[in-house]
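Let me begin by presenting the structure, written as structure tokens, before commenting on it.
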2 protein chains.
Amino acid sequence: MRATIIHKPGDIRVENVPDPKIVTSTDAVIRTVATCVCGSDLWDYRGINPVTEPHPMGHEYVGVVEAVGSDVTSVTPGQFVIGSFATSDNTCPNCRNGYQSSCVHREFMSTCQAEAFRVPHADGTLVATPEQPDQELIPSLLTLSDVMGTGWYAAVAAEVEPGSTAVVVGDGAVGLSGVIAAKELGADRVIAMSRHASRQNLAREFGATDIVTERGDEGIARIKELTEGIGADSVLECVGTQESMLQALRSTRPGGNVGFVGVPHDVEINGQELFFSHVGLRGGPAPVRRFLPDLIDRVLNGRINPGKVFDLTLPLDQVAEGYRAMDERRAIKTLLLP
Amino acid sequence: MRATIIHKPGDIRVENVPDPKIVTSTDAVIRTVATCVCGSDLWDYRGINPVTEPHPMGHEYVGVVEAVGSDVTSVTPGQFVIGSFATSDNTCPNCRNGYQSSCVHREFMSTCQAEAFRVPHADGTLVATPEQPDQELIPSLLTLSDVMGTGWYAAVAAEVEPGSTAVVVGDGAVGLSGVIAAKELGADRVIAMSRHASRQNLAREFGATDIVTERGDEGIARIKELTEGIGADSVLECVGTQESMLQALRSTRPGGNVGFVGVPHDVEINGQELFFSHVGLRGGPAPVRRFLPDLIDRVLNGRINPGKVFDLTLPLDQVAEGYRAMDERRAIKTLLLP
């Protein structure tokens, strides 16, 4: 089958590789219906994460079950499924606590930009839809595998409540999904920080009530102006740099919360500043599996349409152009069809 | 009147100073019934915080109202009052959100180891008891001004819930108060980390179910052994060093929470470690005013007795010995009588 392999930074290829197989009795093999390129894939593409040897790429997916191991009971061949980018048994203490992305058996999916792939711990990782979904819902269902699930977790970790004010730092696909999440969780005011017209428009369509174009200290001052001088109740940090983390922490009111989902690169948080800020902080890889049943419902009944974050659709063979377009910020997010 | 003045590290004196007066219409002047020495006072005493010029000391107090400004309505001369170490108007947005220690008019009290002192924003800072309390309740009421209120906030920030497992890092007066708080908030298991026999005994008396004497990596491993291998639901960090913060973070389960109330000195938190830990973190100077009415009730009806943290009582004139005994860890906490 064909699969995406990164050889070195900037060098993405589609190659023929052996078909995936059931390895252990809890595995499933999935035939890809759609997959995509993640902002976090760009860390490898840009060489910020080292690429020491060629390896497959991709951790976002929807597809049809092709085969299952002998111990798999919750999904069967032929079903349409969505799964988390992180596998989970959904039975260990961390899973029971709702943190499936810290499952004691967690593996990060990494071979999904391909025609098919193997999913370990299929029962605890995958959720099947009641029936084969309409074609136009595929992009939105695909986002649940990572970006929409991650934006949702950012809003949950930031403790967005009905009537509150939420700020979203980052206007990539996760940030835009965070706007949807903040609105769905009842925020009265959702402030998107963005200076790109197309992303501002999508943020507004997703429910943003205000757009702030300033960054850094000016951005923080603007948020304070909009919030009685004290800062926002909830801030979703969807970037992962020192600058974005400080912007998030300093835009939050005392007693408010930052949910941070951008994988931190060289981020250090000063204990004394955090102390006197009174801000609560929680982050991490999103426990997507916790949210999947609810989010699938919201997509299937038309309540949310996060698939709009895909502004470029390409055949798998053109995956290299998909990476390039995102790297050059010509595309928010690239959907790939096998 | 007599008041405590620090001249330089290690040099604490009682001197005659002018009597406090009403300065603004929202002030009260309090005649001290009891005051005490705080662990945080030792930062000055030890020269870790610079002492650039002689200044008064003390931020914990109970007393009787002697005079009030013309705008004070909630307390009257003759009443017995307890107040927070941080003043608050109790009307600003931060106060309304329950973070009175981030009041826009906050001042940190700093002249209370004296026969009398001035309290700004008396209405928003002080709480009067229904009547003059019995003498034996004075120590416990005094702890509410800071250490018991701070231990309570640590447990609230760490989101201690009924049936949960809580760990307390730090066996000073705040940590011991945190044991009381964790028990009162319903933790089934309260693990105190301590290697001092007298403090272990008090922790057990306050409700600790387990004592862990190991520190650092060994302490973390011991907590994991006691918690299904995943860590505790809630950890109260009551020290404020890099070592204690790491011990707290690494003893908490994914999805659990650290409440940190030790004022951080040279603490840096790595963003990536915090991210992958899934641990929630909230700290700060305790919003004692939020908790005062409830905690006063718990003391008056005999439900809690945090005054036992005082194992040394001295007349104000011997305040220097009070500092010395705490510095040398001969005393957990020194109560001072004017």
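The values are calculated or read from the model by the stated rules, or taken from the named source; none is laboratory data. Just so it is clear, the model here is predicted, and its values are computed rather than measured. Cβ coordinates were reconstructed from backbone atoms using ideal geometry, including for glycine residues, and neighbour counts include every protein chain displayed. Side chains included, ligands, DNA and RNA excluded: accessible areas come from the protein's heavy atoms. Shrake-Rupley method; radii C 1.70, N 1.55, O 1.52, S 1.80 Å.
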Segment A:226-237, residues that are open to solvent by 10 Å² or more (accessible area, probe 1.4 Å), in contact with a Pro (Cβ under 8 Å, 6 or more places away or on another chain) and at pLDDT 95 or above: A:GLY229, A:ILE230
Sole residue being in contact (Cβ under 8 Å) with a residue 40 or more places away in the chain, of a type in the set (A, V, I, L, M) and crowded, with 18+ Cβ neighbours inside 10 Å, chosen from B:LEU142, B:LEU185: B:LEU142
Residue satisfying all of: in segment A:229-287; more than 8 Å from chain B (Cβ to nearest Cβ) and hydroxyl-bearing (Ser, Thr, Tyr); farthest from A:GLU161 (Cα to Cα) among these: A:THR241
Which numbered condition B:ARG222 fails, given (1) surrounded by fewer than 24 Cβ atoms within 10 Å (Cβ to Cβ); (2) charged (D, E, K, R); (3) within 14 Å of chain A (Cβ to nearest Cβ): (3)
Extreme residue, nearest to B:VAL104 (Cα to Cα), among residues of segment A:226-236 that are part of a loop (DSSP other than H, G, I, E, B) and in contact with a Lys or Arg (Cβ under 7 Å, 6 or more places away or on another chain): A:ILE230
Close pairs (6 angstrom Cβ cut-off, 6 or more residues apart or separate chains): without any contact (Cβ under 8 Å) to a residue 24 or more places away in the chain in segment A:86-113, surrounded by 20 or more Cβ atoms within 10 Å (Cβ to Cβ) and outside any loop (DSSP other than H, G, I, E, B) anywhere: A:ASN94/A:SER102; A:ASN94/B:PRO254; A:ASN97/B:GLY255; A:CYS103/A:ASN94; A:CYS103/A:CYS95; A:ARG106/A:ALA86
Residues that are over 19 Å from A:LYS333 (Cβ atoms) and either more than 14 Å from chain B (Cβ to nearest Cβ) or surrounded by 24 or more Cβ atoms within 10 Å (Cβ to Cβ) (or both), drawn from segment A:156-181: A:ALA157, A:ALA158, A:VAL160, A:PRO162, A:THR165, A:ALA166, A:VAL167
Whichever residue in segment A:238-261 is closer than 17 Å to A:TRP43 by Cα and of a type in the set (Val, Ile, Thr) and, among such residues, is surrounded by the fewest Cβ atoms within 10 Å (Cβ to Cβ): A:THR241
Whichever residue in segment A:28-49 is within 17 Å of the chain's Cα centre (by Cα) and open to solvent by 20 Å² or more (accessible area, probe 1.4 Å) and, among such residues, is nearest to A:HIS7 (Cα to Cα): A:ASP44
Matching option when the condition is surrounded by 22 or more Cβ atoms within 10 Å (Cβ to Cβ), in contact with a helix residue (DSSP H, G or I) (Cβ under 9 Å, 6 or more places away or on another chain) and over 24 Å from B:GLY307 (Cα atoms), among B:SER101, B:SER74, B:SER84, B:SER88: B:SER88
Checking B:SER251 against (1) in contact (Cβ under 8 Å) with a residue 40 or more places away in the chain; (2) closer than 21 Å to A:HIS278 by Cα, the condition it does not meet: (2)
Considering residues of segment A:263-274 that are of a type outside the set (D, E, K, R) and either touching a Phe, Trp or Tyr at 6+ places or on another chain (Cβ under 7 Å) or open to solvent by 10 Å² or more (accessible area, probe 1.4 Å) (or both) only, the residue nearest to B:ILE269 (Cα to Cα): A:ASN270
Residue within segment B:113-132 that is of a type in the set (Phe, Trp, Tyr) and out of contact with any Ser or Thr (no Cβ under 8 Å at 6 or more places or on another chain) present: no
Count of residues meeting criterion [within 14 Å of chain A (Cβ to nearest Cβ) and part of a strand (DSSP E or B)] in segment B:48-104: 1
Any hit, segment A:273-284, residues being at pLDDT 95 or above and in contact with a His (Cβ under 6 Å, 6 or more places away or on another chain): yes
Verdict on A:LYS333 being of a type in the set (Lys, Arg), touching a helix residue (DSSP H, G or I) at 6+ places or on another chain (Cβ under 7 Å) and surrounded by fewer than 23 Cβ atoms within 10 Å (Cβ to Cβ): no
Counted residues, segment A:308-325 - those being open to solvent by less than 10 Å² (accessible area, probe 1.4 Å) and in contact (Cβ under 8 Å) with a residue 24 or more places away in the chain: 5
